Amino acid sequence: MVLKRAPRPALRPFVQVVWATDEVQGPRPFLAHREHVLPTGQAHIALRLSDDPLRLFDAVDDTSGR
């Protein structure tokens with residue numbers, strides 16, 4: 001399940017969208033383990049609230065990440 005909304009008015013000059021996801025309740029939780037993103041020049045901040053570490057993968061076939 002993914003929730004998206006506009007940020008509070010004070011943050012709107014700096015933040016385009018605020019979103020949250022819940023892997024456990026989603027219909028396909030196995031797809032949540034990787035997110036494919038093209039570089040856009042925008043900054044992203046990721047906060048993980050679970051105990052699982054946030055991992056970055058250098059390629060599609062990278063199995064360990066960093």
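Please treat every number below as a calculation from the coordinates, not as lab data. On a predicted model such as this, the values are computed, not experimentally measured, just so you know. When we count neighbours, we look across all protein chains shown, and the Cβ atoms used for this are built from the backbone with ideal geometry, even at glycine.
What the table shows:
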| item | result |
| --- | --- |
| Sequence ranges 43-52, 2-11, ranked by mean other-Cβ count within 10 angstrom, highest first | 2-11, 43-52 |
| Table column - 3J(HN,Hα) (Hz), the range 49-61, Karplus curve with 6.51, -1.76, 1.60, x for Gly and Pro | 8, 8, 7, 6, x, 7, 10, 10, 10, 7, 8, 4, 8 |
